[in-house]
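Taking it in order: structure first as structure tokens, then the write-up.
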Amino acid sequence: MSDPNGLITAGQVAPGFTLPAAPDGREVGPGQFRGRPVVLAFYPADWTPVCSDQMALYQAALPELERYGAELLGISVDSVDSHRAFARSRGIRFPLLADFEPKGEVSRRYGAYAPRGQSDRALVVLDPDGRVAWSHLSPPEVNPGVDGILDTLDRLGTDRRVDAR
Amino acid sequence: MTTPLQVTTARLRIPVTERDHVRGPVDAPVTVVEYGDFQCRFCGAAYPNLAEVLRQRADVVRLAYRHFPITNVHPYAEHAAETAEAAGARGRFWEMHDWLYEHQDQLDPVHLSLGVEQVGLPPDEVGAEVGRQAHADRVRQDFVGGIRSGVNGTPTLFVNDIRHDGGYDLAELLAVVDAAAGA
């Protein structure tokens, strides 16, 4: 589960955690949203061009994620103060979590921490029971978009309908 | 075991149909689909190059334009897109599209209204239509289709359904179109 060299994979139970989140520093974690899908978007840093585009895109796409009842959480090793200013500058209203102290601890537990001292650019979608439904590791300079997330949420919706029969 | 980096080749999932705004011959062997944001400076930089590609390869390529406004970063982008749709409903989509990309620093409501007038449309009527969000669904449909196809920013181009992950200078765009035409 906490393989230091590899991103957590589908089927594994997602490690529980909370981290302080922008804008107000309250503790936020996936366990608070049990019963709904949770999208964890690990990214290297606030303010760098690709990250800005990715998080700005995710804000624009947020209504589509909300149609699935999904909760989106951005995570990097930046501080709450940095997250707050970054969120304001890009109009981001979903929580940005500060994996700041101890630095990168949550990213490491998900196998999403790079030796250069930042989170990887990695997406992890948790199903409503807190299991990993899908994960994806991008090169740091490539914005992975939203299509893989939406495809996974589609699949989870279908699976749940099957379960309900 | 290290997780391999994953890069997928995104493909256009929403085919070009008669609902699209298309410029160029209907039977062109190469179709470029642009997902754009009228307030995005990178789209503005690509605009003259795309126009030049259409001019230099007039028999080969057609361009379809779809909306991808990132409204949390570009506060005027949504109104600009809906105004282009209002113009499209009156047969003037491309005239409005061109005006918007040629006046990216004038997308505020006052200047936008002047622009509508300059392309020969009634500004009050168009303004009221945009004000009651008559074209918001259409813009949203473009945006959602874009994210499903792997659009991750603007501009994003698809050349014969394959996402173009390179740059937008004229030489590169010509090379990509020529390669698609020869394929």
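The values are calculated or read from the model by the stated rules, or taken from the named source; none is laboratory data. Since this is a predicted model, take the numbers as computed values, not measurements. FYI the Cβ positions are ideal-geometry reconstructions off the backbone, even for glycines, and counts take in every protein chain you see. Note: areas computed on protein heavy atoms with side chains; ligands, DNA, RNA excluded. Shrake-Rupley method; radii C 1.70, N 1.55, O 1.52, S 1.80 Å.
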With at most 12 neighbouring Cβ atoms within 10 Å, loop trypsin sites (Lys or Arg not before Pro) (DSSP) excluded, longest segment of chain B = B:20-131
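Taking all protein chains in place and a 1.4 Å probe, what share, in percent, of the accessible surface of the range A:33-164 do carbon and sulfur account for?
Working: 2480 of 5090 Å².
Carbon and sulfur: 49 percent of the exposed surface of the range A:33-164.
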Report the residue, chosen from B:ASN72, B:ASN152, B:ASN49, that carries the largest GNM mean-square fluctuation when chain B is represented by alpha-carbon nodes joined by springs under 10 Å.
-> B:ASN72
From other protein chains only, count the Cβ atoms within 10 Å of every residue's Cβ in A:147-157, then give the mean.
-> 2
Compare B:GLN39, B:GLN104, B:GLN56 in a GNM of chain B, Cα atoms joined below 10 Å, and give the one with the largest fluctuation.
-> B:GLN56
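How large is the charge dipole for the range A:43-101, taken about the Cα centre, if only the Cβ atoms of Lys, Arg (+1) and Asp, Glu (-1) carry charge, to the nearest 20 debye? If you can, show how the numbers build up before the last one.
Numbers: 5 positive and 9 negative charges, 52 e Å.
For this selection, approximately 240 debye.
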In degrees from 0 to 90, rounded to the nearest 10, what is the angle of the helix B:41-56 Cα long axis to the longest principal axis of chain B?
-> 70 degrees
Using alpha-carbon coordinates, inclination of helix A:147-164 to the longest axis of chain A, degrees | 30 degrees
Taking the Cα atoms only, what angle lies between the long axis of helix B:93-102 and the longest principal axis of chain B, rounded to 10 degrees?
-> 80 degrees
Projected area averaged over orientations for the range B:64-148, convex hull of C-alpha atoms, nm² = 5.2 nm²
Which three extents, in whole angstrom, do the alpha-carbon atoms of the protein assembly as shown cover along their principal axes, largest first?
-> 60, 48, 46
In Hz, Karplus ³J(HN,Hα) per residue of the range A:54-65 (6.51, -1.76, 1.60; θ = phi - 60°; x = Gly, Pro) = 5, 6, 5, 4, 5, 4, 5, 8, 3, x, 5, 5
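Could you work out the per residue convex hull volume over the alpha carbons of the range A:33-164, in cubic angstrom?
On the way: hull volume 12.7 nm³, N = 132.
Measuring per residue, one finds 96 Å³ for the Cα hull of the range A:33-164.
Which loop GluC sites (Glu not before Pro) in the range B:10-78, with loop taken from DSSP, have no more than 10 other Cβ atoms within 10 angstrom of their Cβ?
On the way: sites: B:GLU18, B:GLU34, B:GLU52, B:GLU78; in loops: B:GLU18.
Answer by residue number: B:GLU18.
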Return one whole number: the accessible area per residue of the protein assembly as shown in Å², for a 1.4 Å probe.
-> 44 Å²
